[in-house]
1. Quick check on my filter: what residues within the stretch 1-29 are of a type in the set (A, V, I, L, M), farther than 22 Å from Glu64 by Cβ and in contact with a strand residue (DSSP E or B) (Cβ under 7 Å, 6 or more places away or on another chain)?
2. Note down all Cβ pairs under 6 Å where the first residue falls in the stretch 53-72 and is in the same structural domain as Leu102 (by TED's automatic domain parsing), the second is crowded, with 24+ Cβ neighbours inside 10 Å and polar (S, T, N, Q), and they're at least six residues apart or on different chains.
3. Name the helices (runs of 4 or more DSSP H) wholly within the stretch 7-123 that hold at least 2 residues that are of a type in the set (Asp, Glu)?
4. Could we say that Leu90 is surrounded by 14 or more Cβ atoms within 10 Å (Cβ to Cβ), at pLDDT below 95 and closer than 22 Å to Thr123 by Cα here?
5. Filter the stretch 86-111 down to the residues that are among the aliphatic types (A, V, I, L, M) and more than 14 Å from the chain's Cα centre (by Cα), then identify the one that is farthest from Arg56 (Cα to Cα).
6. Go over the candidates Val21, Val51, Val30, Val40 one by one and state the one that is in contact with a Lys or Arg (Cβ under 8 Å, 6 or more places away or on another chain) and not basic (Lys, Arg).
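The values are calculated or read from the model by the stated rules, or taken from the named source; none is laboratory data. What you see is a predicted model; the values in this text were computed from it and never measured. Glycine also receives a Cβ, built like all others from the backbone with ideal geometry; neighbour counts cover every protein chain displayed.
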Amino acid sequence: MIRVLIADDQRAVREGLAMLVGLTDDIEVVGMAANGIEAVQLAGELHPDVVLMDLRMPELDGAEATRMIRTTMPETHVLVLTTYADDDSLFPALQAGAHGYLTKDASAEEIERAIRAVADGRTHLDPAIQQRLVASVLSTAPQNPTLSDDLTTRELEVLKLIAAGLSNTEIAAALVVSAATVKTHINHIFQKTGARDRAQAVRYAYQHGLA
């Protein structure tokens, strides 16, 4: 079972989400919190797999609650579910450690997919938000391009998307190529940069102004 904690300051939203999540056979709601402080406390007591986290809540906002949960309970993942999709809401949540970000107009099927992805430790973003992030990443020129001359243009794009937290499948969708092609590009990136895994590739990207 995927164990879910719902954190939202509106009772109707909490109960609606609990009813929606309860329709699946392998996802169960183990608790509900009305603010960020309750979310942190209940996460510590219940150890859920996923916290469905609103952002604008009294006493402690969702981004700070996310940071506290991810710092003290790294096995618990956070899926933000909010009304707001602006950069001032999105980036603090992602920087705090949220694995997913959806707006509240997402369909029941999208929320279910996101819960499963986040529970598995994968990233899941609202499609419109993901497209915006990808466009932003790909439009950013390297600060030190001479240090990355061995990488092709497409390999640079793949590396920047890795650093942005996208999975192979998400990169393939963003660049409209196959997953096998993405894997080939990643192997070339590892060979050219000396990286042994994705973490080292991300470090290379940051060191060379690609992220």
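1. The answer is Met1, Ile2, Ala18, Val21, Ile27, Val29.
2. Cβ pairs passing all conditions: Met53/Thr66.
3. In the stretch 7-123, the matching helices (runs of 4 or more DSSP H) lie at 36-46, 87-96, 108-119.
4. Yes: the conditions hold for Leu90.
5. Restricting to residues being among the aliphatic types (A, V, I, L, M) and more than 14 Å from the chain's Cα centre (by Cα), the top hit is Ala108.
6. Answer to the selection: Val30.
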